[in-house]
1. Taking all protein chains together and a probe of 1.4 Å, list His168, His185, His209 from the most accessible to the least accessible.
2. Suppose R0 equals 41 Å. What FRET efficiency, 1/(1 + (r/R0)^6) with r the Cβ-Cβ distance, do Asp163 and Met120 give to the nearest 0.05?
3. Could you state the accessible area per residue of segment 105-211 in Å², with a 1.4 Å probe and every protein chain left in place?
4. Roughly how many percent of the accessible protein surface of segment 113-211 is carbon and sulfur, given a 1.4 Å probe and a whole-percent answer?
5. Simple spin-label model, 7 Å along Cα-to-Cβ: Asn199 to Phe58 in nm?
6. Could you sort the peptides 138-147, 111-120 by per-residue average Cβ neighbour count (10 Å cutoff), highest mean leading?
Amino acid sequence: LHAETNDDVKSAAKFYTESLAIDKTNTELLQASFSNLYASGRIITAAEIAQQAESLNFNLRMGIEPALAIAVRDADWEAVLALSENAMIEGSSQHLGFLFRSWAMYSLGQNSAAINVLEMLSKLLDEQGYSESNIVNLFIAQLFILQNNNPLALTQLSKIPLDKTSDHELIIATAEAYALAGKIHIAKKLALNLSSNYNQEEVSSWLEHRT
């Protein structure tokens, strides 16, 4: 609760996820863990939590996001198209809706349409004052990882420049993606950009468990 109150999403996500390791059926922990993982950009881990909640017949209070995350992981592209259409008009899910819709179209062979959707997202992010490249590249990389296409995932991740001035949540999410793609040495190197508030031994251990 302290972590959430202070907007330390990463710390909150870590706390709730570790708590779930002790109590895997606690619905409040499932809800909180999913929310914080999703907010910090860790879609793959959030999808795992969503699937765990689904196995307990518990509906997460996050609109269509859990269903969308699971549909992407299961490569149910028709479901992704249907869900992403709604996500694109929801404030909290809007950007992900565009990304997932583009990915679904690409996977269904609709390459030109997929590019058009990404171009629409890029324009929208510019209009909203976001620096779109890092966000887009990270999520596309995670989608490639979900498809076990690590070479293309690494290509996307290589487009994300990170240093000690970078957003810590972006560093953590990108490092995790590298670990999931089998590049633990790069993941650990990126983690060195985190501030001294982070315990490097704990971060390194966590990344190793994500390989």
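1. Details: His168 50, His185 120, His209 145 Å².
Per-residue accessible area, sorted high to low, gives His209, His185, His168.
2. Using R0 = 41 Å, I get an efficiency of 0.85.
3. That works out to 54 Å² per residue.
4. Answer for segment 113-211 is 51 percent, counting heavy atoms of protein chains only.
5. 2.5 nm
6. Numbers: 138-147: 22.1, 111-120: 14.6.
Going from most to least packed, we get 138-147, 111-120.
The values are calculated or read from the model by the stated rules, or taken from the named source; none is laboratory data. It should be emphasised that the depicted structure is a prediction, and the values quoted were computed from it without experimental measurement. All Cβ positions, glycine included, derive from the backbone under ideal geometry; neighbour counts span all protein chains shown. Note: accessible area is taken over every heavy atom of the protein model, side chains too, but ligands, DNA and RNA are not part of it. Shrake-Rupley method; radii C 1.70, N 1.55, O 1.52, S 1.80 Å.
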